[in-house]
Structure formats: structure tokens, C-alpha cells
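Data block below; observations after.
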Amino acid sequence: MTDASSMIPIPVGLDDGYAYTKVALPDGRLIVIPSRGRVGQAGVTWIHQGQQHIFEYETENALYSVGAVDGAPTHFEGYPWSGLNRAIAQHALQQAGLAGRTVHAVSGLPVSAFYRKNGEHRQDTIAKKRESLKQAVHPKSATLPAGIAFHEVIPEALAAWYDHVIVEKEGRAVLDDKHVAVPIAIVDIGGRTTDYVVVKDQGILHASSGSLQCGMLDVKQSVENGIQERFDLETLGEQIVAHAVEHGVVRLHGKEYGVGALVDAAKQEVVERLHAETRRHLGVGVELDRVLFVGGGTVALAEYIANWFPHQAIAEHPAFANARGMLKYLRYVCEASNAA
């Protein structure tokens, strides 16, 4: 017999970024996986199935391997509606324990991909993203897929604003009037992009909002180039580079080498670009009540951005601010609209 509760759709916030994919669940769990996958079979036979680290998924007659692989680049224009994106998103839902469940999801697009400069929605782009994640993705195992039956798309940094102003109390949501009433800027430092959203009187000020094509993947690329040059390497595995960025150490030929100075220089270069763009969008922020930093890049660059504004703050668990806001938007904005 089918458990009736398993038929009830699960609402999720799905922040399917270029570097990491985050899932926020209504029970408070937060799941994160690297946005790491590639076309083709895993090419690995697992001696113990419990130790499996690479998983295969099929969508639109193409096979993808996701997990502990040297991932293909995600920073290409069509990634948000690609088969690679769908496979990685499915893997994140599987890791969240949603195999065999029906899912209602909200995900995001960078601000400049969602809005034109005049504030109009990029309807075709939004529709492509919305429909893509609803397409079937089948695990190449006995595991049942998680099926996305409803999917809405919102601007990524705006999702963090929803997280900031919607407060959950005893299973209900209320707007924090103090936060809603004042102008605020959200700076979302991500993998491929850094987004800026300024909200005043519940309106988005497009002259101060937008996206910069710069983020933590630029740090990664710079570190990869530096390691290849230092050790005279033609190629370098993506997982090795990711480990070097995170730990400041690269392991080659069975030996470890410190590359902390290389990582610091790469971060500093990105920070200088981000600082200049932030000043261009926000000035010194004198008319803003707060400048709120979110995103995975905020975690990695916290010490470099600590004193940009006297009234700045870093969101709680900033890497999950968008995912939490997407879930809140789904539960308290979408559901209210549907009920109406």
C-alpha cells in the first residue's frame, strides 16, 4: 500500500547555483552539494555499494554522472536550463531524501538574467528555466526519481530579501515590519555571478540593482591557471583545484604543496572587482538602512569584505539565504496566491 503522506507534495527552496546546489526543506534541513557533473557514464564499479560517490542520471536521452567526478564547467549561458543542471538538481533532491516524492520548488536566476535594464521580466528566459526543471530525470539505479510538479523562478538576491523579511513563528509566517519598512541592499556573492538588489518600500530599484559576471569560480580558475604554470601541467582535475581553493594545499605525485599565497592572490583580485562594482551600484550606502551580504562567496571572502560599509551585516548561514528565501516565497507567497 502507498503511504498517503508520500503523495503530499514537498515544498523545497532549490538554489541551483553554478558552484553549489542548495536545498532548503520545511523541516529546517539544509542540504548542499557541489554543482559537479559531466556527460557520460561514471566508468566506476563500486566494490561496496554503500561507498558509492558517483551517481548516474538520464534526462532527454542523455546520461550524466554526478558526484565525485571532475565536473564539466557550469559557467556557460545555457546552464540554468541544461540537462547537466537537471541531473545535478535531481542528485541534490536525492541527497535530501526526496526519492519517489512529488516536489514543488522555487529556484532562481541571476538578477540580470531575470530582469531587463528597464525592469521588464525576461519572459522567455524565465519560462525556459521554469519548464526545464519539470522535465523528467531518471536515476540509473533502483532509486525512484523526485518529480518536480510545480516550479516557479525568482531573482536570486531577491530570494534573500524574502528570507530577511519573512519570519516564521509556530508554523506561521509574518512580515517583519521593521525590515520591510526600510531600504536595504542585498549583495549576493555566488559562483559565476554577484547580484545586487536594492529594495525600498517593497519595490526594486533597478538603477542600483544588477549582476556582475564575477564570483568564486573566477577564484577557482585563477588558482587552476597558477598551479598549472607553477608545476608545468597541461591539465588539472577539477576536484584537485576545488580542494586547493578550500584548503590552500594541492596534492601532486603523492606529495602536498602549499598554494595558500596563490589562493589569497586570486581572492584579492576578485575582491577588488567586487568592491569596485559594489561602489558603482551602492555608493557608500548612505541612504540604505543596511547592506546585507549573502551567498557562498560571502563565506569564502568574509575577511576581505568585512569593512566595506559601516552598516553592513552577513546573513545567518549566508550560503543558504537564497534557498531559505525561495522556500518562504513558495510557502507564503505562491501558496497565498494560489489560495486566492
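The values are calculated or read from the model by the stated rules, or taken from the named source; none is laboratory data. Just so it is clear, the model here is predicted, and its values are computed rather than measured. Quick reminder, even Gly has a Cβ in these numbers, built from the backbone with ideal geometry, and neighbours come from all protein chains shown.
The table that follows gives values for the structure above.
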read-out: Hits in region 312-328 (condition: buried (at least 21 other Cβ atoms within 10 Å of the Cβ) and polar (S, T, N, Q)); value: Asn322
read-out: Among residues of region 277-311, those that are surrounded by fewer than 19 Cβ atoms within 10 Å (Cβ to Cβ), β-branched (Val, Ile, Thr) and under 25 Å from the mean Cα position of the chain (by Cα), counted; value: 1
read-out: Residue within region 126-143 that is within 18 Å of Val23 (Cα to Cα), over 18 Å from the mean Cα position of the chain (by Cα), of a type outside the set (Lys, Arg) and at pLDDT 95 or above present; value: yes
read-out: Tally, over region 305-331, of residues that are in a helix (DSSP H, G or I) and either within 15 Å of Ala160 (Cβ to Cβ) or modelled with pLDDT of 95 or more (or both); value: 13
read-out: Residues that are in contact with a Ser or Thr (Cβ under 6 Å, 6 or more places away or on another chain) and among the charged types (D, E, K, R), drawn from region 13-37; value: Asp16
read-out: Any pair with Cβ under 9 angstrom, 6 or more apart, that starts in region 70-92 at a residue that is in contact (Cβ under 8 Å) with a residue 60 or more places away in the chain and farther than 23 Å from Val12 by Cα and ends at one that is surrounded by fewer than 18 Cβ atoms within 10 Å (Cβ to Cβ) and hydrophobic (A, V, I, L, M, F, W, C); value: Asp70/Ile240
read-out: Single residue of region 8-52 satisfying the filter (of a type outside the set (Val, Ile, Thr), part of a loop (DSSP other than H, G, I, E, B) and more than 21 Å from the chain's Cα centre (by Cα)) that is modelled with the lowest pLDDT; value: Trp46
read-out: Among the candidates Val199, Val165, Val153, Val180, residue that is touching an Asp or Glu at 6+ places or on another chain (Cβ under 8 Å) and surrounded by 14 or more Cβ atoms within 10 Å (Cβ to Cβ); value: Val165
read-out: Members of region 136-172 found to be part of a loop (DSSP other than H, G, I, E, B), of a type in the set (A, V, I, L, M) and out of contact with any helix residue (DSSP H, G or I) (no Cβ under 7 Å at 6 or more places or on another chain), listed by number; value: Ala136, Ala142, Leu144
read-out: Candidate set: region 97-115, residues that are without any contact (Cβ under 8 Å) to a residue 60 or more places away in the chain and under 22 Å from His75 (Cβ atoms); chosen: the one surrounded by the fewest Cβ atoms within 10 Å (Cβ to Cβ); value: Phe114
read-out: Of the criteria (1) aliphatic (A, V, I, L, M); (2) in contact with a strand residue (DSSP E or B) (Cβ under 6 Å, 6 or more places away or on another chain); (3) within 23 Å of Ala185 (Cα to Cα), which one Val249 fails; value: (3)
read-out: When residues of region 5-45 are limited to those that are small (Gly, Ala, Ser) and touching a residue at least 40 places away in the same chain (Cβ under 8 Å), the one surrounded by the most Cβ atoms within 10 Å (Cβ to Cβ); value: Gly17
read-out: Of the criteria (1) of a type outside the set (D, E, K, R); (2) surrounded by fewer than 22 Cβ atoms within 10 Å (Cβ to Cβ); (3) modelled with pLDDT under 95, which one Phe55 fails; value: (2)
read-out: Residue match in region 190-206 (condition: touching a Pro at 6+ places or on another chain (Cβ under 7 Å), in a loop (DSSP other than H, G, I, E, B) and at negative phi); value: yes
read-out: Count of region 256-304 residues which are charged (D, E, K, R), over 16 Å from Thr194 (Cβ atoms), in contact with a strand residue (DSSP E or B) (Cβ under 7 Å, 6 or more places away or on another chain) and not in a strand (DSSP E or B); value: 1
